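Heads up: the structure comes next, in structure tokens.
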Amino acid sequence: MKIVEQGHQVIGQNGRTLRPARPTHPGTVLEEELEARGLKKSAFALQNQIYPSHLMEILKGRRGINAAIALKLEKALDIEAGFWLRMQINYDLEWERRRIG
């Protein structure tokens, strides 16, 4: 299957928008990024003025990423703040779409 990203949608070969079975929380992506870089979560949090408990809640999908955290992630990881905020917005919108049917 060929998958092409168009803007913020993933389009399959048949031209239909593909949706994952569950929306991906940005904390999942953040956790994978920290692991790929070999960064320890608590140390990362403290170095970037984030409470370790706050970071853990984000990584577990219990808390969202706001603008302040997105800017800290941008500075620390060189991944645009807008990326993190778009992920959070898309996650929130998809859950709400599913909730209301």
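The values are calculated or read from the model by the stated rules, or taken from the named source; none is laboratory data. Quick caveat, the model's predicted, so the values are computed rather than measured. As a convention, Cβ positions derive from the backbone with ideal geometry for all residues, glycine included, and neighbour counts pool all protein chains shown. Areas reflect the complete protein model, heavy atoms only, side chains present, ligands, DNA and RNA absent. Shrake-Rupley method; radii C 1.70, N 1.55, O 1.52, S 1.80 Å.
Counting only residues that are out of contact with any helix residue (DSSP H, G or I) (no Cβ under 6 Å at 6 or more places or on another chain) and not aromatic (Phe, Trp, Tyr), how many does the range 51-76 have? Don't jump to the end; show me each part of the working.
Initial filter on the range 51-76 (out of contact with any helix residue (DSSP H, G or I) (no Cβ under 6 Å at 6 or more places or on another chain)): 51, 53-54, 56-57, 60, 62, 66-69, 72, 75-76.
Next, from what is left, pick out any that are not aromatic (Phe, Trp, Tyr): 53-54, 56-57, 60, 62, 66-69, 72, 75-76.
Final tally of qualifying residues: 13.
I need a count of the residues in the range 53-67 that are open to solvent by 60 Å² or more (accessible area, probe 1.4 Å) and hydrophobic (A, V, I, L, M, F, W, C).
Initially, the range 53-67 is screened for residues open to solvent by 60 Å² or more (accessible area, probe 1.4 Å), giving 53, 56-57, 60, 62-63, 66.
Now restrict to residues that are hydrophobic (A, V, I, L, M, F, W, C): 56.
Within the range 53-67, residues that are open to solvent by 60 Å² or more (accessible area, probe 1.4 Å) and hydrophobic (A, V, I, L, M, F, W, C) number 1.
On the basis of being over 13 Å from the mean Cα position of the chain (by Cα) and modelled with pLDDT under 95, does ARG37 make the cut? Show your work before the answer.
Working: over 13 Å from the mean Cα position of the chain (by Cα): yes; modelled with pLDDT under 95: no.
It is false that ARG37 is over 13 Å from the mean Cα position of the chain (by Cα) and modelled with pLDDT under 95.
Condition (residue is over 12 Å from the mean Cα position of the chain (by Cα) and of a type outside the set (Gly, Ala, Ser)) applied to the range 79-92: is it met by at least one residue? Let's see the steps before the verdict.
Kept after step one, since they are over 12 Å from the mean Cα position of the chain (by Cα), are these residues of the range 79-92: none.
Within the range 79-92 (the criterion being over 12 Å from the mean Cα position of the chain (by Cα) and of a type outside the set (Gly, Ala, Ser)), the answer is no, since none of the residues qualifies.
Take the residues in the range 35-52 that are under 15 Å from ILE69 (Cα atoms) and of a type in the set (A, V, I, L, M, F, W, C); name whichever of them is surrounded by the fewest Cβ atoms within 10 Å (Cβ to Cβ).
LEU46
Return the residues of the range 50-87 that are part of a helix (DSSP H, G or I), of a type outside the set (A, V, I, L, M, F, W, C) and over 13 Å from VAL29 (Cβ atoms); say none if nothing qualifies. First the steps, then the outcome.
Of the range 50-87, the ones part of a helix (DSSP H, G or I) are 52-59, 67-77, 81-87.
Filter again for of a type outside the set (A, V, I, L, M, F, W, C), leaving 52-54, 57, 72, 74-75, 82, 86.
Result: PRO52, SER53, HIS54, GLU57, LYS72, GLU74, LYS75, GLY82.
From (1) surrounded by fewer than 16 Cβ atoms within 10 Å (Cβ to Cβ); (2) at pLDDT 95 or above; (3) under 21 Å from ARG97 (Cβ atoms), pick out the condition that doesn't hold for THR24.
It fails just one condition, (2).
State all residues of the range 68-101 that are aromatic (Phe, Trp, Tyr) and crowded, with 18+ Cβ neighbours inside 10 Å; if no residue qualifies, say none. Talk me through it step by step, then tell me what you get.
Step one: filter the range 68-101 for residues aromatic (Phe, Trp, Tyr), giving 83-84, 91, 95.
Hits for the range 68-101 are TRP84, TYR91.
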